[in-house]
Amino acid sequence: MASQKIFFLNDDGENLAARLELPVNQHPHTFALFAHCFTCNKNLTAVRNIGRALNQAGIAVLRFDFTGLGESEGDFADTNFSSNVSDLVAAARFLEKEYQAPEILIGHSLGGAAVVAAAYEISSVSAVATIAAPADPTHVSHIFTSSIEEIEKSGVAEVSIGGRSFTVKKQFLDDIRSNVHGDRLRNLNKALLVMHSPQDLTVEIGQASKIYGAARHPKSFVSLDGADHLLSNKEDSFYVGEVIATWVKRYIDLPKKEKLQVVKEVAVRLGNEGFTTEIMARHHSLTADEPVSVGGNDYGPSPYELLNASLGACTAMTLQMYARRKKWDLQEVEVHLEHYKDYAADMENVEDSRSKMDHFDRVIKIKGDLNGEQRQRLLEIADKCPVHRTLHNDVKVITKFGEM
């Protein structure tokens, strides 16, 4: 994932801060625009995770802070639902001018209601996805129910939302009351995906039923069972991104990347950005990467972690082959490994890089009705697995250039 920090102007000439996340090692197939939840910002962990999952499918994602939130200019007190919709339209104009017009709108919570409204003004959009969204923006008023009387009387009030203080004016209430969705959903004329958790305590699941019931086909519903409103569990937010990426293929032409051809046993491909690496072993596709801490995207295990996995898999297979041949009751094998480099016993050569040795700490857990002698024999057999023996032998790698 290549992330770029950018700014674009809203209709009032204020700079809105955004992040454009582009797929690694390929030109984007299409662009998606993301609208965050009420009083949130573009850097919410769930938003980033959804973007990463979409990037893996070749979809670029623009996520931005609405006016007066996050790093964007403007005063939140002067914003409303209509201004959020205008910000989305401005973001779409920016994408169309500088990159490519967005074909996908994604909105979380009140952002979901906003993308439904914005879809009418962005002709390039073919697909709309809502996540934990209310059926219309008036639902958000329950967040500050206790302050509504003061807002109506004084025209303004300080309200606490998520532990933070915000100024809400009467014009905000008036605006959301005038933005009921009914006809918008019935006449959307775009593919719609509704995603919601039955356990959502902020926007109840009934709101998703209203959205789905009001909209016409093509429409889809996916239950986010067990998730909370903010998708705070990493697995939930990645799942949302993966589902959207798969669903949208029905409505947007996403060309497939040229398949990596395997000439020998394994083929590996890496472009000129990041470390996210494609691996093909026969017809099996894998991904390698490095952790974020060293400049990677953490989309897959690192090369040394793959080496650990190879040793672990070979160990488990070898033990089971041996036990089955002996008809021993080996029901299950777990192998836990860690690799590190350490200085050799010859401390006189600690300055010589060649004196560093590779260490593999391997812990084997076995389940089954096995006696002490059988367990000891299996421990000895572990050292005889082919990968283990390869690591102990002299290895020669012959390298040459081939034709692309």
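Residues are listed down the side, and each one gets a yes or a no for (1) surrounded by fewer than 18 Cβ atoms within 10 Å (Cβ to Cβ); (2) at pLDDT 75 or above:
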| residue | (1), (2) |
| --- | --- |
| 144 | no, no |
| 160 | yes, no |
| 165 | yes, no |
| 174 | yes, no |
| 196 | no, yes |
| 199 | yes, yes |
| 205 | yes, yes |
| 211 | no, yes |
| 216 | yes, yes |
*Which number in (1) surrounded by 22 or more Cβ atoms within 10 Å (Cβ to Cβ); (2) over 27 Å from residue 271 (Cβ atoms); (3) acidic (Asp, Glu) marks the one condition that residue 21 misses?*
(2)
*When you look at residue 215, is it more than 18 Å from residue 105 (Cβ to Cβ) and either of a type in the set (Gly, Ala, Ser) or in contact with a helix residue (DSSP H, G or I) (Cβ under 7 Å, 6 or more places away or on another chain) (or both), yes or no?*
no
*Taking the range 358-383 only, how many residues are in contact (Cβ under 8 Å) with a residue 24 or more places away in the chain, within 16 Å of residue 311 (Cα to Cα), of a type outside the set (Asp, Glu) and surrounded by fewer than 12 Cβ atoms within 10 Å (Cβ to Cβ)?*
2
*Would you mention how many residues in the range 31-61 are surrounded by fewer than 24 Cβ atoms within 10 Å (Cβ to Cβ) and either aliphatic (A, V, I, L, M) or not assigned by TED's automatic domain parsing to the domain that holds residue 101 (or both)?*
3
*Taking residue 76 as the residue in question, decide whether it is aromatic (Phe, Trp, Tyr), assigned by TED's automatic domain parsing to the domain that holds residue 239, buried (at least 22 other Cβ atoms within 10 Å of the Cβ) and over 20 Å from residue 207 (Cβ atoms).*
no
_Any residue that is out of contact with any Leu (no Cβ under 6 Å at 6 or more places or on another chain), at pLDDT 90 or above, under 26 Å from residue 389 (Cα atoms) and surrounded by fewer than 15 Cβ atoms within 10 Å (Cβ to Cβ) - is there at least one of those in the range 337-356?_
yes
_Residue among 285, 302 that alone is modelled with pLDDT of 85 or more and under 25 Å from the mean Cα position of the chain (by Cα)_ = 302
*Within the range 94-106, is there a residue that is at pLDDT below 90 and not hydrophobic (A, V, I, L, M, F, W, C)?*
no
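The values are calculated or read from the model by the stated rules, or taken from the named source; none is laboratory data. Small disclaimer: the values here were computed from a predicted structure and weren't measured. All Cβ positions, glycine included, derive from the backbone under ideal geometry; neighbour counts span all protein chains shown.
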